[in-house]
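Comments concern the structure below.
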Amino acid sequence: DESTAVLRARGLFAGYRKIPCVRDVSLDVRPGEIVVVLGPNGAGKTTTLLTLAGALPGLGGEVQWRGNPTKASLHRRVRDGLGVIPEERSVISRLTVHDNLRIGQGPVEQALDLFPELRPLLRRRAGLLSGGEQRMLLTARALAAQPTVLLADELSLGLAPKIVTRLMQALRGAADRGAGVLLVEQHARQALAVADRAYILQRGSVVWSGSADEARQNLRRVERAYLGQD
Ligand code: ATP
């Protein structure tokens, strides 16, 4: 139902130096659902996410926030309830886990309730954490702010399946409490396990969209035909 989308791209073109590498992408994110955007390397997933976040200007089409076209900056969108976990690791290495949580938009206690695993690590410098622990820190910090919409880029990249499951469950919990979640992933299986719907991007365009159920049932075919994985 169109009217309930909280974040939407409509015929979006996006890219760098005025050259679009994302072409005519339409997608939407509704409260309470996890949407996964899949696609091979270079398909335009990160570019789409950054444009939805207001970190890159669009080159055509529009982004709608709660039904209204927006060109607001990332900063402004974050104030309006957007959460972003970018692909590049955004912990501050020299600060402790505790300080990294304190610079978030949400209460530290809330973050620790979501990820009690972080409690014994509070005094450690974030730069000394494992990749999985850093991703937990970023996810805890983002979710503690109770974002209306959370955008996450390749959250699972390089992590052990057990940690990925943990992160995906945390996102599922946030969606079940009403957040809209958009997840960009190269690896389909674990994201689809918690997702409601999926879009597949290839060379900057949506080549397939449907329910996560349908994508799960055809996982092998999806991986071979669209993601270049055998
Ligand atoms: P990946 O999984 O590698 O992140 P992706 O699907 O997220 O892939 P994008 O990062 O959106 O793809 O890249 C889409 C296209 O834009 C690619 O051809 C890439 O080389 C190009 N690109 C990405 N970042 C920039 C940049 N800062 N300046 C110029 N071109 C870029």
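For L159, the accessible surface of its heavy atoms amounts to roughly 30 Å² (probe 1.4 Å, protein chains only, rounded to the nearest 10). With springs connecting C-alpha atoms under 10 Å apart, model the chain as a Gaussian network and identify which of V84, V149, V25 has the largest mean-square fluctuation. Of the options given, V25 has the highest mean-square fluctuation. 3J(HN,Hα) along the stretch 102-117: 5, 7, x, 8, x, x, 4, 4, 4, 4, 6, 5, 6, 10, x, 4 Hz, from the Karplus curve 6.51 cos²θ - 1.76 cosθ + 1.60 with θ = phi - 60°, whole Hz, x for Gly and Pro.
The largest accessible area among H75, H98, H187 belongs to the first residue in H75, H187, H98, and the rest follow in falling order (1.4 Å probe, all chains). With both residues required to sit in the stretch 58-176, DSSP beta bridges show an antiparallel share near 50%. Rounded to the nearest 20 debye, the dipole size of the stretch 1-146 about its Cα centre is 580 debye, using +1 on the Cβ of Lys and Arg and -1 on the Cβ of Asp and Glu. For the stretch 40-48, the Karplus equation 6.51 cos²θ - 1.76 cosθ + 1.60, evaluated at θ = phi - 60°, returns couplings of x, 3, x, 6, x, 5, 5, 4, 4 Hz by residue, with Gly and Pro reported as x.
Comparing L121, L74, L201 in a Gaussian network model of the chain (Cα springs below 10 Å), the most mobile by mean-square fluctuation is L121. Note on the stretch 88-207: with charges restricted to the Cβ of Lys and Arg (+1) and Asp and Glu (-1), its dipole about the Cα centre is near 260 debye. Solvent-accessible area of S205, all protein chains in place: 40 Å² (probe radius 1.4 Å, heavy atoms, ligands and nucleic acids excluded). Shape summary: the chain maps onto an equivalent ellipsoid whose semi-axes, from the alpha-carbon gyration tensor, are 27, 20, 16 Å in decreasing order.
Ignoring lysines fewer than eight residues from K162 along the same chain, the ones with Cα atoms less than 26 angstrom from its Cα are K45. Charge tally for K45 (other residues, Cβ to Cβ under 11 Å; Lys, Arg +1; Asp, Glu -1): -4.
Considering only DSSP beta bridges whose two residues both sit in the chain, what percent are antiparallel, to the nearest 5? Given both bridge residues lie in the chain, the antiparallel proportion sits at roughly 55 percent. Straight Cα distances below 12 angstrom link K71 to the aspartates and glutamates E62, with same-chain residues fewer than 8 positions distant left out. Largest first, the residues R220, R119 sort by 1.4 Å accessible area into R220, R119.
Amide H to amide H distances under 5 Å link R30 with V6, where only residues 5 or more positions off or on other chains count and H is placed in the peptide plane. Between Q64 and R177, the FRET efficiency from the beta-carbon distance, with R0 = 25 Å, is close to 0.65. Between V207 and T96, what is the FRET efficiency for a Förster distance of 35 Å, r being their Cβ-Cβ separation, to the nearest 0.05? That gives a FRET efficiency of 0.20. Structure remark: mean-square fluctuation, Gaussian network model of the chain, C-alpha springs under 10 Å; the largest value among A142, A160, A126 belongs to A160. Place +1 on the Cβ of every Lys and Arg and -1 on the Cβ of every Asp and Glu in the chain, take the dipole about the Cα centre, and give the residue among A72, A225, L122 whose Cα lies farthest towards its positive end. Result: L122, furthest along the dipole toward the positive end.
The values are calculated or read from the model by the stated rules, or taken from the named source; none is laboratory data. Worth saying up front: this structure is predicted, and the values here are computed from it rather than measured. As a convention, Cβ positions derive from the backbone with ideal geometry for all residues, glycine included, and neighbour counts pool all protein chains shown. For accessibility, only protein heavy atoms count, side chains too; no ligands or nucleic acids. Shrake-Rupley method; radii C 1.70, N 1.55, O 1.52, S 1.80 Å.
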